[in-house]
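Notes to accompany the following structure.
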Amino acid sequence: MKKLFFSLFLVGVLSLGCQVRPKPIDYGHVGCHYCSMTIVDQQHAAQLVTKKGKVFNFDAVECMMNQLKDEDGTAMALFLVNDFDRPGELTDATKATYLISENIPSPMGAFLSAFSEEAAALHIKDVNGGELLTWNALKQQFKLDF
């Protein structure tokens, strides 16, 4: 009976540890997986979640994109970016609209911001100037081919 209970307990614990879902970023306490800077900017952070449930946090979208150069992009289940208009809120990076504007600095100097809504990105672009990109265009800019 003890062996059965232990086996069920172990399966339960292991399945909880491998859930594929975002994890809240502990701003001010966790470091960027790519550059090791402490993540404090809630408008530019990003996160990758592997198909096995491992979470990688980044202080900027450009750090996530640079990390993907060394990763198998097909091993990722979730690509997430903070919505510039909703600080601290992660959104699907593959559906986001990106703005590169020299009037909006990002932590690593790429001037790259993400928006969950294209209309919001267009508005910020009208105010600050810059160039809008889709996920596929951003991948091309960073020379990613997955």
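The values are calculated or read from the model by the stated rules, or taken from the named source; none is laboratory data. Please read all numbers here as calculations on a predicted model, not as lab measurements. Here Cβ is always computed from backbone atoms with ideal geometry, including for glycine, and neighbour counts include all displayed protein chains. When the accessible area is computed, the model is the full protein with side chains, heavy atoms only, and any ligands, DNA or RNA have been set aside. Shrake-Rupley method; radii C 1.70, N 1.55, O 1.52, S 1.80 Å.
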Exercise. Any idea how far apart residue 103 and residue 26 come out in nm if each label point goes 7 Å out from Cα toward Cβ?
Worked result: 3.8 nm
Exercise. Between residue 136 and residue 74, what is the spin-label point distance in nm, taking each point 7 Å from the Cα along the Cα→C-beta axis?
Worked result: 1.9 nm
For this session: Could you work out how far helix 2-17 tilts from the main Cα principal axis of the chain, as a 0 to 90 degree angle to the nearest 10?
Result: 0 degrees
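Quote to one decimal, in nm, the extra length available between residue 120 and residue 146 on full extension: 0.36 nm per residue of separation minus the C-alpha distance between them.
Values: separation 26, 0.36 × 26 = 9.36 nm, distance 2.76 nm.
Extra length from residue 120 to residue 146 when fully extended: 6.6 nm.
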For this session: Report, in degrees rounded to the nearest 10, the 0 to 90 angle that the Cα long axis of helix 118-128 makes with the longest principal axis of the chain.
Result: 40 degrees
Exercise. At q = 0.14, 0.20, 0.21 Å⁻¹, what log₁₀ I(q)/I(0) does a Debye calculation on the Cα points of the stretch 40-108 give, no solvent, two decimals?
Worked result: -0.39, -0.79, -0.86
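Just how large is the dipole of the chain about the Cα centre, in debye to the nearest 20, putting +1 at every Lys and Arg Cβ and -1 at every Asp and Glu Cβ?
Details: 13 positive and 17 negative charges, 210 e Å.
Taking the Cα centre of the chain as origin, the dipole is about 1000 debye.
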For this session: Select from the stretch 9-112 those GluC sites (Glu not before Pro) which occupy a DSSP coil region and have at most 11 other Cβ atoms within 10 Å, ordered by residue number.
Result: 102
For this session: Measure off 7 Å from each Cα along the Cα-to-Cβ vector at residue 89 and residue 38, then give the distance between these two points in nanometres to one decimal.
Result: 2.7 nm
Exercise. Which value, in Å², gives the accessible area per residue of the stretch 20-102 when a 1.4 Å probe is used on the protein heavy atoms?
Worked result: 47 Å²
Seminar exercise, completed: Of the candidates 50, 82, 68, the farthest towards the positive dipole end of the chain (Lys/Arg Cβ +1, Asp/Glu Cβ -1, centred on the Cα centre) is 50
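With the cut-off at 1.5 for a/c, could you classify the chain from its C-alpha gyration tensor as rounded, prolate or oblate? Walk me through the numbers on the way to the answer.
Details: a/c = 2.43, a/b = 2.18, b/c = 1.12.
Judged from the Cα gyration tensor, the chain comes out prolate (a/c at least 1.5, a/b above b/c).
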Exercise. Accessible surface of residue 86 in the full protein assembly, 1.4 angstrom probe, to the nearest 10 Å²?
Worked result: 90 Å²
Exercise. For the stretch 102-144, which trypsin sites (Lys or Arg not before Pro) are both in a DSSP coil and crowded by at most 13 other Cβ atoms within 10 Å?
Worked result: 143
